[in-house]
Amino acid sequence: MKLVFAGTPEVAVPALDALIASERHEVAAVVTRPDAPAGRGRRLVASPVAQRAEEAGIEVLKPTRPRDPEFQARLREIAPDCCPVVAYGALLPKSALDIPAHGWVNLHFSLLPAWRGAAPVQHSIMAGDEVTGASTFLIEEGLDSGPLYGVLTEQVRPTDTSGDLLTRLAFAGAGLLAATMDGIADGALRAVPQPAEGISLAPKITVEDAKVDWAVPAMRVDRVVRGCNPAPGAWTVFRGERLKLISVGLLPERTDLAAGELAGAKNNVYVGTGSHAVELLWVQPQGKKPMRGADWARGVRLTAADRLA
């Protein structure tokens, strides 16, 4: 098939690579979000997908909105058979959805209908799922509600951050998306409606969502820290300033600390939760680089009155 791939962040690049490498399909163009400010100088930088497409000599389309007439006119000129999508980042109007003969097929990083929305991997970790996966489906105007072509499963490991899990799903999902394109081309694959049961939503995680509540059980604190790593980053407040929490360790044997209460040792620093203590393994003070929790504690010279708010 002739394909127009739509995607924006680094996590979409493995799927683009898989389709470029396919001997069965032609990636005629790529659709991505417009260049965005990045770095200290805030200069405009092309998305990772745009950079990869340019390296491969593929035409790159960067519409401000997918409903722009100029964009849709160019898409009709290209006349793709199908538009595979991975984390494109913009809503597609029906006028765009109707252009390719086989529609737009999305690779979504959850076992749909679980975790429909922008942050499925983060929500899966924060909810304590033991198994998640990826799905390919035909995009409709609803939120991740279209019929399914295929799924794969992936174990959620006890120490997984959302970054760890998303990386694995990106590479495994690339194979699923390529296989889905093969099946559509062969006429051997038919989309089936999503199950009516088990629907859950995964909206974007906000900075406020990432603030740690020390009154909840330690397991929940750990899930929030891992689920928000690398973005937006779990955080708390120490002496009136934000302290980013990169990783914590569970200490079920220590139950003597109140929620938010700190205790420092020579090579460790602990904080109480609603159940048992956790160890602050890696933190990042405001305006500074990441550091070991014990090094941070020595630097701030903890007192008996110090708490994490």
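Only one residue in Thr132, Thr136 is of a type in the set (S, T, N, Q), buried (at least 16 other Cβ atoms within 10 Å of the Cβ) and out of contact with any Asp or Glu (no Cβ under 9 Å at 6 or more places or on another chain), so which one is that?
Values: Thr132 fails: out of contact with any Asp or Glu (no Cβ under 9 Å at 6 or more places or on another chain).
Among Thr132, Thr136, only Thr136 is of a type in the set (S, T, N, Q), buried (at least 16 other Cβ atoms within 10 Å of the Cβ) and out of contact with any Asp or Glu (no Cβ under 9 Å at 6 or more places or on another chain).
On the basis of being farther than 21 Å from Pro230 by Cβ, of a type in the set (A, V, I, L, M) and not in a loop (DSSP other than H, G, I, E, B), does Ile125 make the cut? If you could, list the steps in order and put the result at the bottom.
On the way: farther than 21 Å from Pro230 by Cβ: no; of a type in the set (A, V, I, L, M): yes; not in a loop (DSSP other than H, G, I, E, B): yes.
When the stated conditions are applied, Ile125 does not pass them.
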Which members of the stretch 51-70 meet the condition of being in contact (Cβ under 8 Å) with a residue 24 or more places away in the chain and open to solvent by less than 40 Å² (accessible area, probe 1.4 Å)?
Ala53, Ile58, Val60, Leu61, Pro63, Pro66
(1) touching a strand residue (DSSP E or B) at 6+ places or on another chain (Cβ under 7 Å); (2) closer than 16 Å to Val237 by Cβ; (3) modelled with pLDDT of 95 or more all hold for Lys288 apart from (1)
Checked pairs for the stretch 257-282, first free of Cβ contacts under 8 Å to residues at least 40 places away in the same chain and on the phi > 0 side of the Ramachandran plot, second open to solvent by 40 Å² or more (accessible area, probe 1.4 Å) and polar (S, T, N, Q), C-beta under 7 Å and 6 or more apart or across chains, list as none
Please indicate, with yes or no, whether at least one residue in the stretch 279-299 is among the aromatic types (Phe, Trp, Tyr), surrounded by fewer than 21 Cβ atoms within 10 Å (Cβ to Cβ) and not in a loop (DSSP other than H, G, I, E, B).
yes
Where the second residue is loosely packed, with under 15 Cβ neighbours inside 10 Å and part of a loop (DSSP other than H, G, I, E, B) and the first is modelled with pLDDT of 95 or more and among the aliphatic types (A, V, I, L, M) and lies in the stretch 19-40, which pairs have Cβ atoms under 7 Å and are six or more apart or on separate chains?
Ile20/Ala56
Subset of the stretch 71-82 [touching a residue at least 60 places away in the same chain (Cβ under 8 Å) and either aliphatic (A, V, I, L, M) or in contact with a His (Cβ under 7 Å, 6 or more places away or on another chain) (or both)]
Leu75, Ile78, Ala79, Asp81, Cys82
Find the strands (runs of 3 or more DSSP E) located wholly in the stretch 141-260 whose residues include 1 or more that are within 30 Å of His102 (Cα to Cα) and open to solvent by 70 Å² or more (accessible area, probe 1.4 Å), and list them.
148-155
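The values are calculated or read from the model by the stated rules, or taken from the named source; none is laboratory data. Predicted model only: the values in this text are computed from it and were never measured. As a convention, Cβ positions derive from the backbone with ideal geometry for all residues, glycine included, and neighbour counts pool all protein chains shown. Side chains included, ligands, DNA and RNA excluded: accessible areas come from the protein's heavy atoms. Shrake-Rupley method; radii C 1.70, N 1.55, O 1.52, S 1.80 Å.
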